[in-house]
Amino acid sequence: MTKALSGIRVLEQGTFITGPCCGMMLADLGADVIKIESPGGDPYRSYQGGQYSPHFQAYNRNKRSLLLDMKQGTDRDIFNGLVREADVYIQNFRPGTAERLGAGSDRLQQLNPRLVCCSISGFGSSGPYVDRPSYDSVAQALSGFLSVVVDYQRPQFLGPALADAITGIYASQGILAALVQRGRTGVGSHVEVSMLEAMTHFAVEPFAAYFALGQTPTSADRPRLAQAYILRTLDERLLAIHLSSLEKFWDGLVKALEAPELASDPRFNPRERRIAEYETLRVELNKRFARKPLAHWMERLQAQDVPYAPVNRLDDVVNDPQVAHLGIMVPVESPQTATRAVRPPVQFDGERAQSVEAAPLLDQHGAAIRAALARGEVWPMVVRNDRG
């Protein structure tokens, strides 16, 4: 794939998800990311024992690992030298920690005025919550996002760490904008993003509805208004349909079901009645979809051009023909455990990533980086056999 960020040098001092996800987004686009780890390593390494959990692997591919003890003068000198040559520095410590480590944005930008510093936090760098610990679940709840996706009768968190990953993605977007600005001004900047701000922005549509209508949205609003349903088939598979606001999709669904009685039922016509009677219609649709297996309904819905998809398990996705056509699953080069991974989603001029580099072992590239610096290289170049 075209390395859009080729030549961009990134230092990442991130742990767990937000900082590493941000660094991964840049690495996936071709940036050279050196992940600086303390002697104990990123705690996410040992999330399920050992030093190479699948959780760590997910957010640290395409990077190099360098172990630095910031309490040691020689390691601080190495850090300072890398900062002078870097384009981007990323950290997701609690507010104040970077400054205590000598990695505060003011100091780093004195060393390198062109440096883009990115600070990621839970609640921002000041305010009444500044000293509180924040994790994915906390940010989802505090931001209001959780309230518009959770069923209050059966409250349960969504599976993936959405707030962590989304914050990292927003941070990478801010860094890219800062790099564009630096191209105009020649001066770096300090990018800040908190999990609270990221997740509040991610819920921008429900907030817009609240401000416009004066009503507090709930988790039931979006599927009801979008006329989206998850239905169970005869073979106990789940099927998602999305009727949206176009009448042709409702007409197509009625034809696929061979249920003209639904088209004439005053409870469900016009669309406004279907919105009002969402739960009633869901029961009626489930009755009908329970009569035939998933494959039958997929064929019927496709013939009527109704938006649908099976609720795929991960093993289903891996074997999906469209996923295969797009080459979404790619080999992991120099793998430590997993041999395949999900490639970056962005294409450039029709080119996409054909593989990814495995996440590094702790200090995997430390010796090579230190040797390169000792030879007088101001920034150690990537050597192919350093990767494995």
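Bear in mind these aren't lab numbers, they're just calculated from the coordinates by the rules spelled out. None of these values were measured; they are calculated from a predicted model. Virtual Cβ from ideal backbone geometry, glycine too; neighbours counted across all protein chains shown.
The table for this structure:
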{"quantity": "Residue (of 122, 175, 138) at the positive-pole extreme of the stretch 103-178, dipole from beta-carbon charges", "calculated": "175"}
{"quantity": "Computed helical MRE - 222 nm, the chain, DSSP H runs ≥ 4 contributing -39500 (n - 2.57), nearest 500", "calculated": "-11500 deg cm²/dmol"}
{"quantity": "Helix axis angle, 247-257 relative to the chain longest principal axis, alpha carbon, degrees", "calculated": "70"}
{"quantity": "Computed magnitude of the charge dipole of the stretch 227-317 (debye, nearest 20; Cβ of K, R +1, Cβ of D, E -1)", "calculated": "120"}
{"quantity": "Of all DSSP beta bridges in the chain, antiparallel share, percent nearest 5", "calculated": "30"}
{"quantity": "The stretch 199-324 shape via C-alpha gyration tensor axes, a/c threshold 1.5", "calculated": "oblate"}
{"quantity": "Under 5 Å, built H, 5+ apart or other chain: amide partners of residue 37", "calculated": "66, 67, 68"}
{"quantity": "Summed side-chain charge close to residue 188 - residues other than residue 188 whose Cβ falls under 15 Å, Lys, Arg +1, Asp, Glu -1", "calculated": "+2"}
{"quantity": "Per-residue ³J(HN,Hα) for the stretch 161-172, Karplus 6.51 cos²θ - 1.76 cosθ + 1.60, θ = phi - 60°, Hz, x for Gly and Pro", "calculated": "7, 4, 5, 4, 5, 5, 4, x, 5, 4, 4, 5"}
{"quantity": "Cut-off under 5 Å, modelled amide H: who pairs with residue 90 long-range", "calculated": "11, 12, 13, 118"}
{"quantity": "Cα-centre dipole for the stretch 117-266 with unit charges at Cβ (Lys and Arg positive, Asp and Glu negative), debye to 20", "calculated": "440"}
{"quantity": "Dipole magnitude of the chain, debye to nearest 20 (Cβ charges: Lys/Arg +1, Asp/Glu -1, about Cα centre)", "calculated": "160"}
{"quantity": "Hz values of 3J(HN,Hα) by residue in the stretch 44-58 - Karplus curve (6.51, -1.76, 1.60), Gly and Pro given as x", "calculated": "5, 4, 9, 4, 10, x, x, 10, 8, 5, x, 5, 5, 4, 4"}
{"quantity": "Sequence-distant residues sharing a close amide H with residue 63 (under 5 Å, placed H)", "calculated": "none"}
{"quantity": "Whole-Hz couplings from phi, Karplus 6.51/-1.76/1.60, listed for the stretch 228-244; x for Gly and Pro", "calculated": "10, 9, 10, 10, 9, 9, 4, 8, 6, 9, 9, 10, 9, 10, 9, 8, 6"}
{"quantity": "Cross-link partners of residue 248 among lysines (Cα-Cα below 28 Å; sequence separation of 8 or more within a chain)", "calculated": "287, 292"}
{"quantity": "Extension gain (nm, one decimal) between residue 99 and residue 180, 0.36 nm per residue minus Cα-Cα", "calculated": "26.5 nm"}
{"quantity": "Loop-located GluC sites (Glu not before Pro) in the stretch 323-388 whose Cβ has at most 13 other Cβ within 10 Å (DSSP)", "calculated": "377"}
{"quantity": "Residue 51/residue 246 FRET efficiency (R0 45 Å; Cβ-Cβ; nearest 0.05)", "calculated": "0.30"}
{"quantity": "Mean separation of Cα contacts under 8 Å, 6 or more apart, over the residue count of the stretch 231-388: relative contact order %", "calculated": "20"}
{"quantity": "Pair residue 319, residue 230: separation of 7 Å Cα→Cβ label points (nm)", "calculated": "2.2"}
